[in-house]
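These notes concern the structure reproduced below.
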Amino acid sequence: MADLFFALVSDWGAPALALATFLSCLAVPVPTSMMMLAAGAFIASGDLSFGPVVAAAFFGALLGDQAGFGIGRTTGGMLTDWLRRSPARTKLLAQAEGFMVQRGALAVFLSRWLFSPLGPYVNLLTGAAGMRWRIFTLMSAAGEVIWVAAYVGLGFLFYENLGSLAAILSDSVGLVTSATIMLLTGYALLRHARAR
């Protein structure tokens, strides 16, 4: 399967990368990080040019983030109306909205590169929670710069050991994201138990 996506990058270059980053920001399961690693390796070998690859990956991701945010903004009213039908969910929604007001910008920034599997869901949540578009866009752009630069840059630097690097990065991102979700869930359960 990975060979197919490497072939897409090799054959189609920047447009394939733009489409992949766009779709990944909408929770479509595309191995975008591996494709960016491959693009970096193709830059190192002289098969692709640096500027178009980086621009395509960045703008594809930024447009995907904007689409997810827009979907959250337009459908958020229906979702919050449904959630408010239950007193327990109303309280949970109020807490989530408070979190988005206080730490939403940081959540957007970190979910672009450090916790990238959460990015599409943060896009929807911040849109639904009514985060200001300008703050979302600034944090999204800042995080996407790091994500694109890191993966394309690592592919460029370690192009001879691309398979090993892809496996290490895939495992580490999954581990960090899973550990964070576990810690946040534990913290939420602890707070809930103390409140009772």
Can you tell me which of 8, 48 is surrounded by 15 or more Cβ atoms within 10 Å (Cβ to Cβ) and outside any helix (DSSP H, G or I)?
48
Give the residues of segment 1-46 that are touching an Asp or Glu at 6+ places or on another chain (Cβ under 9 Å), within 27 Å of residue 110 (Cα to Cα) and among the hydroxyl-bearing types (Ser, Thr, Tyr), sorted by residue number.
21
When you check residue 74 against the structure, is it at pLDDT 90 or above, over 12 Å from the mean Cα position of the chain (by Cα), closer than 14 Å to residue 128 by Cα and assigned to a helix (DSSP H, G or I), yes or no?
yes
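In this structure, does residue 132 turn out to be modelled with pLDDT of 85 or more, more than 27 Å from residue 54 (Cβ to Cβ) and either loosely packed, with under 13 Cβ neighbours inside 10 Å or in contact with a helix residue (DSSP H, G or I) (Cβ under 7 Å, 6 or more places away or on another chain) (or both)? Step through it out loud before you land on a result.
Numbers: modelled with pLDDT of 85 or more: yes; more than 27 Å from residue 54 (Cβ to Cβ): yes; either loosely packed, with under 13 Cβ neighbours inside 10 Å or in contact with a helix residue (DSSP H, G or I) (Cβ under 7 Å, 6 or more places away or on another chain) (or both): yes.
It is true that residue 132 is modelled with pLDDT of 85 or more, more than 27 Å from residue 54 (Cβ to Cβ) and either loosely packed, with under 13 Cβ neighbours inside 10 Å or in contact with a helix residue (DSSP H, G or I) (Cβ under 7 Å, 6 or more places away or on another chain) (or both).
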Note: among 108, 122, just one is surrounded by 17 or more Cβ atoms within 10 Å (Cβ to Cβ), under 24 Å from residue 192 (Cα atoms) and among the β-branched types (Val, Ile, Thr), namely 122
Considering only segment 186-196, I want to know if a residue exists there that is in a helix (DSSP H, G or I), modelled with pLDDT under 80 and under 18 Å from residue 3 (Cα atoms).
no
Considering only segment 13-20, I want to know if a residue exists there that is over 19 Å from residue 165 (Cβ atoms), surrounded by 13 or more Cβ atoms within 10 Å (Cβ to Cβ) and under 15 Å from the mean Cα position of the chain (by Cα).
yes
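The values are calculated or read from the model by the stated rules, or taken from the named source; none is laboratory data. Keep in mind it's a predicted model, so treat the numbers as computed, not measured. Here the Cβ is made from the backbone with ideal geometry for all residues, glycine too, and neighbour counts use every protein chain on show.
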